[in-house]
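Asker: Quick one: the structure is below, questions incoming.
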Amino acid sequence: MEQMNFFERNISKPLADRLRPTSLDEYFGQAHLLGQGKVLRRMIEQDSVSSMIFWGPPGVGKTTLAQIIANTTKAEFIEFSAVTSGIKEIRQVMQKAESNALYGDKTIVFVDEIHRFNKAQQDAFLPFVERGSIVLIGATTENPSFEINSALLSRCKVFVLESLGEADMIALLERAIQDERGFGAQKINIAPDMTAMIARFSNGDARVALSTLEMVILNGDIAADGTVNISYEILEQITQKKSLLYDKKGEEHYNLISALHKSMRNSDPDAAVYWLARMLEAGEDPLYVARRVVRFASEDIGLADTRALEMAVAAYQACHFIGMPECTVHLAQAVMYMSIVPKSNAVYMAYNAAKKDALEQISEPVPLHIRNAPTSLMKELDYGKGYMYAHDYEGAVTDMRCLPDSLIGREYYNPTDRGSEAKIKARLKELRNLRKKQEM
C-alpha cells in the first residue's frame, strides 16, 4: 500500500488538532491569565509552574495550555486521561516520578478530566504532591470545589478559563483559513459575516468553531480555478440554523431584545417566546438573554411575584451549566413565566425616586441615633443615643426616624394592587399606621 506523505498525514487530522497552538503567542483567549505580565504566563515562561487546576467549559484551551507547558518546560511531562487510567497507572507514574526526583529532575503530570477520578484515585496523588515529587496539572469542566478532594484542592492553584469571546473566535477562524496548517494552501471565499455566524454558533467553544468551519469548507462549491465558495445555504445546512438577519452589535440586536422585553411586559407569552427563539436561533448568547430576564424580573414584576427573580436566576444558572442548545427550554420557561405573572414597576420606581434624592439633595449625615458606636469616643459623641430596638415595640415598629431630616415623610415605595403586592400594600399601610400611632 502506498504510504502517505507528511502533508497528507497531517491534513487527515481534524482541523482543531492541526491548528492546536504550540506556544503562548499562538494561543487565543484567557488574556486575564496569559496577558503580558499575568501570573500564569510568567509561571510558564519561567518554567516555574506549581500544581494547578484548569477549570472551564469545553473548548477553551485547557488541554492546549497543558501541552504548551509541556513544550516549554524542562521537566518530564506525563499526560494521561482520567477516563482510561486507574490506580495501577497512577502508581506506575508516581514510581517513575519518585525515581526522577532522586536525580533532581522534576515531573509534571497532566490529568485531563480529573473530575472523573473517584476519591481513592485522587488520594493516590496526594502524598506525591505534598512531597513535591510531582507537579500536578488537572483539567476539568466541573466545579473543583465539588469534584476535587479538599486536601488535594488546597495544594493546587485553581485557574478559571473563560469561554472565548466573539472577537477571539473570529480571529481563530481567520487564522484557520489563512494558516498553512489549516486551509492556507487553498483559496477560500467566505463572507466575514459567515465567520461571525460560526463564531456565535460555537458558543465560546473553539473546537466546535473549527469543526464547523472545516465541515463548511469541505462541503463548499469548488470553482474552475480551485476557489472554494461558501454559500449561506451550505452554512445553514452544516449548522442546521436559518440565516436570520441579526447583528449582535447592530440595530437588529437591540430591536429584538426590545421586542422580547416589551412582549413580556405586555403579558404576551406567545410573542415573547417567538422573539426569544428569533434571538437564540440567530446565535445570540443565551447568557445575555438570561441577564436581561433577571433584570426584567425586578424592573417589571418586583414584589408582585416574589418567585420571578428566583425563576430568572435559576434560568441563568441553567444556561451557564448546560449551554446551547439544551438551555433554550429553560429560557423559554422563564420568559413565559415572566409574561404570565402580575406586573409591577413599583420597586423600579422606588429606586429611581430614591436615586434622584440621593443625587440632588444635600448629602446629609446619617442620623446619630442609627449609627453604631463600637468605641467609647463614638459613644461620647452620642453615636447610637436614642436608638429604639424595634423588637421591643408593638408590631416591631417604632416612630424612630431613619431618613435625613430633609426627607422626613418621603415615601418611595408605592405598591400596586396586583399579585402579591396587594398583600404587601395592606401590610405597608399597617406599618405606616403603626408608626403614626407610635408618634402620638
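Asker: It is to be established whether one or more residues within region 418-427 are within 39 Å of the chain's Cα centre (by Cα), under 15 Å from Ala354 (Cβ atoms), touching a residue at least 12 places away in the same chain (Cβ under 8 Å) and open to solvent by 60 Å² or more (accessible area, probe 1.4 Å).
Answerer: No, there is no match, as no residue in region 418-427 is within 39 Å of the chain's Cα centre (by Cα), under 15 Å from Ala354 (Cβ atoms), touching a residue at least 12 places away in the same chain (Cβ under 8 Å) and open to solvent by 60 Å² or more (accessible area, probe 1.4 Å).
Asker: Please determine, by comparing only the residues of region 259-283 that are open to solvent by 40 Å² or more (accessible area, probe 1.4 Å) and small (Gly, Ala, Ser), which one is nearest to the chain's Cα centre (by Cα).
Answerer: By that ranking, first place goes to Ala277.
Asker: Quick one: Gly386 ticks every box in (1) over 35 Å from the mean Cα position of the chain (by Cα); (2) more than 24 Å from Lys436 (Cα to Cα) bar one, so which box is it?
Answerer: (2)
Asker: Here is a check on your reading of the model: is Ile340 among the hydrophobic types (A, V, I, L, M, F, W, C), over 27 Å from Ala271 (Cα atoms) and in contact with a Ser or Thr (Cβ under 9 Å, 6 or more places away or on another chain)?
Answerer: Taking the combined requirement at face value, the residue does not satisfy it.
Asker: From the list Pro365, Pro342, pick out the single residue that is out of contact with any Leu (no Cβ under 6 Å at 6 or more places or on another chain) and exposed (fewer than 15 other Cβ atoms within 10 Å of the Cβ).
Answerer: Going through Pro365, Pro342 in turn, the sole match is Pro365.
Asker: Can you name every residue in region 127-148 that is open to solvent by less than 30 Å² (accessible area, probe 1.4 Å) and either under 22 Å from the mean Cα position of the chain (by Cα) or more than 19 Å from Glu79 (Cβ to Cβ) (or both)?
Answerer: Result: Gly138, Ala139, Thr140, Pro144, Ile148.
Asker: Do any residues in region 22-43 that are surrounded by 12 or more Cβ atoms within 10 Å (Cβ to Cβ) have Cβ atoms under 9 Å from those of residues that are modelled with pLDDT under 90 and among the basic types (Lys, Arg), where the two are at least six apart or on different chains, and which pairs are they?
Answerer: The qualifying pairs are Glu26/Arg20.
Asker: Regarding region 193-201, can at least one residue be identified that is at pLDDT 90 or above and more than 27 Å from Asp285 (Cβ to Cβ)?
Answerer: Among the residues of region 193-201, not one is at pLDDT 90 or above and more than 27 Å from Asp285 (Cβ to Cβ), which makes the answer no.
Asker: Can you pull out the residues in region 379-393 that are assigned to a loop (DSSP other than H, G, I, E, B) and open to solvent by less than 100 Å² (accessible area, probe 1.4 Å)?
Answerer: Across region 379-393, the qualifying residues are Leu381, Asp382, Tyr383, Gly384, Gly386, Met388, Tyr393.
Asker: In addition: With in contact with a Ser or Thr (Cβ under 7 Å, 6 or more places away or on another chain), modelled with pLDDT of 90 or more, among the β-branched types (Val, Ile, Thr) and not in a loop (DSSP other than H, G, I, E, B) as the only criterion, which of Ile170, Ile177 stands out?
Answerer: The match here is Ile170.
The values are calculated or read from the model by the stated rules, or taken from the named source; none is laboratory data. Keep in mind it's a predicted model, so treat the numbers as computed, not measured. Glycine gets a Cβ as well: all are built from the backbone with ideal geometry, and neighbour counts include every protein chain shown. We work out accessible area using only protein heavy atoms, side chains counted, and drop any ligands, DNA or RNA first. Shrake-Rupley method; radii C 1.70, N 1.55, O 1.52, S 1.80 Å.
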